[in-house]
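One structure below.
The values are calculated or read from the model by the stated rules, or taken from the named source; none is laboratory data. All figures in this text were calculated on a predicted structure; none of them were measured in a lab. Cβ: placed from backbone, ideal geometry, glycine included. Neighbour counts: every protein chain shown.
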Amino acid sequence: LVREAMVPRTAIQAINQNSKIADVRQFMKETGKTKIPVYKSTIDNVTGIIFMFDLFADNLTLDDVIKPVIYIPENKKCNELLHEFKQTSKSIAIVIDEYGGTAGLVTLEDLVEELLGEIEESTEKSDQPIIRINKTTWKIKASESIETLNEQINANIPEGDYETLAGYILSELGRIPESGEKIALKNGSIMVTRAGRNLIEEVRFVRHE
């Protein structure tokens, strides 16, 4: 059920609808969130969602960037919500309790982790940070150092003000990516294969021959 996958009410990070755009940008920077709920007066009155990529234009007001949010009961099945996300092109929902109050929120990432997490754990072949899949493809833990990757698999990832692969990705995108996002390199590409709300966990590196 959704209640088992959701972020509970007490852990929700949200922002008041009366906030200024500059405050929202700062809030996202401090929390590392790429999407946050907006509420009016109380967290029981969530009015919408703000996405980080909508905040880069000039002369914005909060009303310009608030997107509609869907509301779901906490006893909804995870696979049903996953289907609803797919049908509506949504990636976040507010979970409502039996009294109409906010019980929590759930994201697409939460659902995937809930539905596939146990399978993923049981099928994990190795705890090694770098696993070669074939001649040109590697599965890599995002916490692996850039220096090690460049030495061991000739990834040719640029050095900068970061030490790990996750740090490089954050530097390039300026946010936590969604699973499936790609970054082009000189001799290949990186695709994020697993990312949580605040952490890049795993990527796939494909080297171009």
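Residue by residue through the stretch 150-176, note down the ones that are within 25 Å of K33 (Cβ to Cβ), modelled with pLDDT of 90 or more and either part of a loop (DSSP other than H, G, I, E, B) or of a type in the set (V, I, T) (or both). Correct list: E163, T164, I169.
Check the stretch 126-149 and report whether any residue there is in the same structural domain as N18 (by TED's automatic domain parsing), modelled with pLDDT of 90 or more, touching a helix residue (DSSP H, G or I) at 6+ places or on another chain (Cβ under 9 Å) and of a type in the set (F, W, Y). No, the stretch 126-149 has no match at all. Tell me yes or no: at least one residue of the stretch 20-38 is touching a residue at least 60 places away in the same chain (Cβ under 8 Å) and at positive phi. Yes, the stretch 20-38 contains a residue that is touching a residue at least 60 places away in the same chain (Cβ under 8 Å) and at positive phi.
Does the stretch 23-32 contain at least one residue that is under 17 Å from A5 (Cβ atoms) and surrounded by 13 or more Cβ atoms within 10 Å (Cβ to Cβ)? Looking for residues that are under 17 Å from A5 (Cβ atoms) and surrounded by 13 or more Cβ atoms within 10 Å (Cβ to Cβ), one finds none in the stretch 23-32, hence no. Of all the residues in the stretch 154-169, those that are crowded, with 17+ Cβ neighbours inside 10 Å and more than 25 Å from E114 (Cβ to Cβ) number 7.
Within the stretch 95-105, is there a residue that is within 19 Å of I176 (Cα to Cα) and out of contact with any His (no Cβ under 9 Å at 6 or more places or on another chain)? Yes, that holds for at least one residue.
Within the stretch 14-33, the set of residues being closer than 27 Å to I200 by Cβ, modelled with pLDDT of 90 or more and of a type in the set (S, T, N, Q) comprises Q26 only. Collect the residues in the stretch 2-22 that are loosely packed, with under 15 Cβ neighbours inside 10 Å and either in contact with a Ser or Thr (Cβ under 7 Å, 6 or more places away or on another chain) or under 18 Å from I96 (Cβ atoms) (or both), keeping them in residue-number order. Result: E4, P8, T10, A11. Scanning the stretch 184-198 for any residue that is assigned to a loop (DSSP other than H, G, I, E, B) and in contact with a Ser or Thr (Cβ under 9 Å, 6 or more places away or on another chain) turns up at least one such residue.
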